[in-house]
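In what follows, a single structure is set out as structure tokens and then discussed.
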């Protein structure tokens, strides 16, 4: 079963501890320093649209892109009727991003970059983001660091709510630099009272800061900076999550 096809229906419940308001605060802190005000914002790999919603409620014109139809169905329902501007959602893989116009900023959060396990596809995704950004526009994303992914090897986790139960184990391959998550998911059907079972396999690639910086530079980005998790300081040794910001060159008069 493909990633998120079964998990989508219970994803929000199982990730209840993600503080999307804090993530939005952090994004806005970077927007406030940007030379180009971020009004039209792309949420790349938007998932069920929780961050999209948080930013839309703060007045941003949001475009959500994800390659999972099941996750986008949840996102569209969650964001229906939001004022002042209801978000637009598109079903596309990152490397084939195709928008109807330009954007002021792009965010790609919750280690979605790690999910692009083919470096060539990730390089193309960065190029597509650069293409649609306005001059001076900001690209912000985060990654699970190699240290974090290596540390997950052999661990087993349990997440549960009243109507969902997920057991997952992680395996990290030093040869492929890939972390695989094997998930068994049980989801309650409230109409029948029965539990449905699904299995999913998720993979994340361990990218280094140097690798991603080189990809961003190759795509044409400038002023590339890295930060510790939800902070404005540089990453510390052993950091579990690192944030990147990069800018498209501003036009000169």
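Within the stretch 70-88, identify whether any single residue is closer than 13 Å to residue 110 by Cβ, without any contact (Cβ under 8 Å) to a residue 40 or more places away in the chain and outside the structural domain of residue 190 (by TED's automatic domain parsing), and answer yes or no.
no
Which residues, counting only those in the stretch 82-99, are surrounded by 17 or more Cβ atoms within 10 Å (Cβ to Cβ) and under 22 Å from residue 36 (Cα atoms)?
Passing the criteria: 87, 97, 99.
Of the numbered conditions (1) assigned to a strand (DSSP E or B); (2) modelled with pLDDT of 95 or more; (3) farther than 25 Å from residue 41 by Cα, residue 188 satisfies every one except a single condition; which is it?
(2)
Go through (1) under 25 Å from residue 243 (Cα atoms); (2) in a strand (DSSP E or B); (3) free of Cβ contacts under 8 Å to residues at least 60 places away in the same chain and name the single condition residue 149 misses.
Only one criterion in (1) under 25 Å from residue 243 (Cα atoms); (2) in a strand (DSSP E or B); (3) free of Cβ contacts under 8 Å to residues at least 60 places away in the same chain is unmet by residue 149, namely (2).
Given the structure, is residue 102 in the same structural domain as residue 29 (by TED's automatic domain parsing), more than 16 Å from residue 215 (Cα to Cα), surrounded by fewer than 22 Cβ atoms within 10 Å (Cβ to Cβ) and in contact with a helix residue (DSSP H, G or I) (Cβ under 7 Å, 6 or more places away or on another chain)?
So residue 102 fits the description; yes.
For every residue, the table says whether it meets (1) on the phi < 0 side of the Ramachandran plot; (2) more than 18 Å from the chain's Cα centre (by Cα).
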{"site": "175", "(1), (2)": "yes, yes"}
{"site": "184", "(1), (2)": "yes, yes"}
{"site": "187", "(1), (2)": "yes, yes"}
{"site": "192", "(1), (2)": "yes, yes"}
{"site": "199", "(1), (2)": "yes, yes"}
{"site": "221", "(1), (2)": "yes, yes"}
{"site": "230", "(1), (2)": "no, no"}
{"site": "240", "(1), (2)": "yes, no"}
{"site": "246", "(1), (2)": "yes, no"}
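Residue under question is residue 107, and the condition is that it be touching a strand residue (DSSP E or B) at 6+ places or on another chain (Cβ under 7 Å) and either buried (at least 18 other Cβ atoms within 10 Å of the Cβ) or not assigned by TED's automatic domain parsing to the domain that holds residue 18 (or both); does it hold?
So residue 107 passes the test.
I'm trying to understand the selection: among the residues of the stretch 191-217, which are more than 21 Å from residue 95 (Cβ to Cβ) and assigned to a strand (DSSP E or B)?
Of everything in the stretch 191-217, those that are more than 21 Å from residue 95 (Cβ to Cβ) and assigned to a strand (DSSP E or B) turn out to be 194, 195, 196, 197, 198, 199, 200.
Name the residue, out of 49, 38, that is over 19 Å from residue 159 (Cβ atoms), in contact with a helix residue (DSSP H, G or I) (Cβ under 6 Å, 6 or more places away or on another chain) and free of Cβ contacts under 8 Å to residues at least 60 places away in the same chain.
49
Of all residues in the stretch 166-182 being assigned to a strand (DSSP E or B) and touching a helix residue (DSSP H, G or I) at 6+ places or on another chain (Cβ under 9 Å), which is farthest from residue 235 (Cα to Cα)?
So the residue we want is 166.
The values are calculated or read from the model by the stated rules, or taken from the named source; none is laboratory data. Just so you know, these numbers come straight off a predicted model, no measurement behind them. Note that we place each Cβ from the backbone using ideal geometry, even for glycine, and neighbour counts take in every protein chain shown.
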